[in-house]
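The block underneath contains the structure these notes are about, expressed in structure tokens.
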Amino acid sequence: MSQGKAFLTRPHERHRDSFVEAVYEYIREKRTVNWHPEILRERFDEYLRVLRQAETDPLAGMVPATQLWLVADGHGYIGDVDVRHRLNQSLRRFGGHIGYKIRPSCRRRGYGTLICRLGIAHARWLGIGDILITCDDDNLGSAKVIEANGGVLQDRIDNQRGVLTRRYWVRA
């Protein structure tokens, strides 16, 4: 699949089936997911409302954030990027302005680099200057993606999770 045909879009009902399939992929690799896939399938409209609400009226302890999906014609959902409009104390340590993931069946095709680049562009569109992006110290693929998008390693910190966190800045 060509990256040229992949693009960011707001989460939408038309990508429900491919998104739910991806949730099953994340579960198989032992990733934490917020919604059970079959509940998600049945209540997808509610899930979309929660995502939209997070942009202006986030849950307690959260910051406003926009989630965008990387999709491609004929394939649907490939991955998503969360662009956090500002940082709180926790996000300054782990999380940063941008978090992204690519579904397992679409990895190692350049989509991580693409979604990170597009997420940075969206953060710039929102008016965010310096952008913090983090990853686990042992996630070399993500570190390469961040570095390929201009991320400069500030430090590695202990977040009491058993693995250090790399903190990168993409300067304005």
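The values are calculated or read from the model by the stated rules, or taken from the named source; none is laboratory data. Since the structure is predicted, the reported quantities are computational estimates derived from the model, not experimental observations. All Cβ positions, glycine included, derive from the backbone under ideal geometry; neighbour counts span all protein chains shown.
Tabulated values for the structure
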read-out: Top-ranked residue in segment 19-72 [being of a type in the set (Gly, Ala, Ser) and in contact (Cβ under 8 Å) with a residue 40 or more places away in the chain; ranked as nearest to GLY99 (Cα to Cα)]; value: ALA22
read-out: Residues located in segment 138-147, provided they are surrounded by 14 or more Cβ atoms within 10 Å (Cβ to Cβ) and either more than 17 Å from the chain's Cα centre (by Cα) or among the aliphatic types (A, V, I, L, M) (or both); value: ALA143, VAL145, ILE146
read-out: Cβ pairs under 8 Å, 6+ apart, first in segment 143-160 and assigned to a strand (DSSP E or B), second loosely packed, with under 13 Cβ neighbours inside 10 Å; value: VAL152/ARG171
read-out: Counted residues, segment 107-126 - those being on the phi > 0 side of the Ramachandran plot and in contact with a strand residue (DSSP E or B) (Cβ under 8 Å, 6 or more places away or on another chain); value: 0
read-out: Segment 55-75, residues that are at pLDDT below 95 and of a type in the set (Gly, Ala, Ser); value: ALA60, GLY61, ALA72, GLY74
read-out: Residue match in segment 81-90 (condition: touching a residue at least 60 places away in the same chain (Cβ under 8 Å), surrounded by fewer than 20 Cβ atoms within 10 Å (Cβ to Cβ) and not acidic (Asp, Glu)); value: no
read-out: Subset of segment 1-32 (residues that are within 18 Å of LEU68 (Cβ to Cβ) and in a loop (DSSP other than H, G, I, E, B)); value: ARG10, PRO11, HIS12
read-out: Only listed residue being under 14 Å from the mean Cα position of the chain (by Cα), of a type outside the set (A, V, I, L, M) and loosely packed, with under 15 Cβ neighbours inside 10 Å, chosen from ARG49, ARG31; value: ARG31
read-out: Among the candidates ALA65, ALA60, residue that is hydrophobic (A, V, I, L, M, F, W, C), surrounded by 18 or more Cβ atoms within 10 Å (Cβ to Cβ) and closer than 23 Å to LEU132 by Cβ; value: ALA65
read-out: Hits in segment 123-139 (condition: assigned to a helix (DSSP H, G or I) and more than 16 Å from LEU87 (Cα to Cα)); value: TRP125
